[in-house]
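A short write-up of the structure that comes next.
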Amino acid sequence: MKIIADSSCDMAVLPGMEFSTVPLIISTDEREFVDGESLNVDEMLTFIEHYKGRTGTACPSIQGFLEALGDAKEAFIVTMTGALSGTYGSACAAKDQYIQEHPEAKVYVIDSRSTGPGLRLLLEKLAEMHEKGLVFEEMCRRIEEYKATNRLYFGLKSIDNLAKSGRINKLIASAVGLLGISILGTASPEGTIEPVSKSRGDRGLVKDTIKAMKAAGYRGGKVRINNVLNPAISEALRSAIVSEFPNADVLCYQAYGLNSFYAERNGFILGCEC
Ligand code: X90
């Protein structure tokens, strides 16, 4: 069984599974950055922060997913939110083509309606179910149930790149980044961006995040937190979570390029089981 994700999962290995990722691209008129484990995020962000011209991103091609499928008999493809990216569409088109050529194969495409840590939770769950010996169809059913109980939060110091790409309302952008104001947002059930609050300073942001998680039903489940060159904020979130829920399984790590481009320097994205 193969597990495939796009590079917004911020992961290169999925223990116990045959796993591969298909990269998104971050581009400018001058340079192109292929997302993945070996991309130097600090160097990319420094270049983009000083770059005056056009910047943007591109989803993987159908061909990219077909190559990842290889000759798999059973495969899961987990993508970032189809509401904000063409990645899910590419993956579905690749599946259709693959099934035509391999009618006996089973491929299931999951729209995470999320990004980063939201994908990671799904990928870890797939690996866990496979390890337990669940069959393909049962995994399809249970992963959708699991997805519905997870939540995604993100804290951003700047939303210029989201606003420029038309993925967030420009009005929300006002005040963010000024006077230590960050925006706390969440993924809507449809996989779009929904603002939660404007928070002051990292302490305010951490407090507001924990409050929003608890209001959504968080009671000590698994948490995955990425950060954009700001390990201190993910550690602050982790310590706030474990001080209230000492048995919570919380993991902090660095975001790859796609999430870093949109969440911007010092941002974080948190996925949790609710
Ligand atoms: O197809 C493409 O070019 C990629 C477009 C991605 C656009 C959104 C990425 C957002 C990344 C920002 C905060 C998290 C929002 C999650 C909402 C579901 C990070």
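Which log10 I(q)/I(0) values, to two decimals, does the stretch 223-274 give at q = 0.25 Å⁻¹ under the Debye formula with one point per Cα?
Scattering profile of the stretch 223-274, log10 relative to I(0): -0.88.
So, in nm, how far is label Val135 from label Lys198 when the simple model puts each one 7 Å beyond its Cα toward the Cβ?
If labels sit at Val135 and Lys198, their model points lie 5.6 nm apart.
List the relative contact order of the stretch 128-227 as a percent without decimals, with contacts defined as Cα pairs under 8 Å and 6+ residues apart.
With pairs under 8 Å counted, the relative contact order is 20 percent.
Step through the residues of the stretch 21-38 one at a time and calculate ³J(HN,Hα) from phi using the Karplus curve (6.51 cos²θ - 1.76 cosθ + 1.60, θ = phi - 60°), rounding each to whole Hz and writing x for Gly and Pro.
Going residue by residue, I get 10, 10, x, 7, 10, 10, 9, 10, 5, 9, 9, 10, 10, 8, 5, x, 4, 8 Hz, with x marking Gly and Pro.
Show the residues, 5+ positions off or on another chain, whose built amide H is closer than 5 Å to the amide H of Gly267.
Lys157, Val228
Amide H neighbours of Lys106 under 5 Å, counting only residues 5+ apart in sequence or on other chains, H built in-plane at 1.01 Å?
Correct list: Glu74, Ala75.
So which GluC sites (Glu not before Pro) in the stretch 91-164 pass both tests, a DSSP loop state and at most 16 other Cβ atoms within 10 Å of the Cβ?
Glu104
If you fit an axis through the alpha-carbon atoms of helix 41-50 and take the longest principal axis of the Cα set of the chain, what angle between them do you get, 0 to 90°, nearest 10?
The angle comes out at about 60 degrees.
May I ask you to derive the FRET efficiency for Glu244 and Tyr146 from their Cβ-Cβ distance with R0 = 25 Å, giving the value to the nearest 0.05?
Efficiency, rounded to the nearest 0.05: 0.60.
Based on the alpha-carbon gyration tensor of the stretch 84-178 and its eigenvalue square roots a ≥ b ≥ c, which shape applies: rounded if a/c is under 1.5, prolate if not and a/b is larger than b/c, or oblate? List each step's numbers first, then the result.
Numbers: a/c = 3.98, a/b = 1.81, b/c = 2.20.
Because a/c hits 1.5 or more and a/b fails to exceed b/c, the stretch 84-178 counts as oblate.
Taking neighbour counts of Cβ atoms within 10 Å as a proxy for exposure, in what order, fewest first, do Leu134, Leu237 appear?
Ascending number of Cβ neighbours within 10 Å: Leu134, Leu237.
Sequence gap at least 6, Cα distance under 8 Å: using those rules, report the relative contact order of the chain to the nearest whole percent.
21
Note the count of lysine pairs whose C-alpha atoms are less than 26 angstrom apart in the stretch 55-208, limited to pairs 8 or more residues apart or on different chains.
22
Quick check: the angle from helix 87-101's long axis to the longest principal axis of the chain, C-alpha only, nearest 10 degrees?
The two axes meet at around 0 degrees.
Give the whole-number value, in cubic angstrom per residue, of the convex hull volume spanned by the C-alpha atoms of the stretch 2-148. Working shown, then result.
On the way: hull volume 16.3 nm³, N = 147.
Looking at the stretch 2-148, the number lands at 111 Å³ per residue.
If we count trypsin sites (Lys or Arg not before Pro) as exposed when they sit in a DSSP loop and have at most 13 other beta carbons within 10 Å, what is the longest stretch of the chain that avoids them all?
133-218
Considering all alpha-carbon pairs of the stretch 150-273, what whole percent are spaced by more than 25 angstrom? Display every interim value, and only then the final one.
Working: 1236 of 7626 pairs.
When all Cα pairs of the stretch 150-273 are counted, 16 percent exceed 25 Å.
Sticking to Cα atoms, compute the Rg of the chain to one decimal and its Dmax as the biggest Cα-Cα distance, whole number, in Å.
Every Cα atom of the chain included, Rg and Dmax give 18.2, 58 Å.
Since every read-out is calculated from the coordinates, none of them should be taken as a lab result. Note that the structure is a prediction, hence the values are computed from the model and not measured. Backbone-built Cβ (ideal geometry, glycine too); neighbour counts: all protein chains shown.
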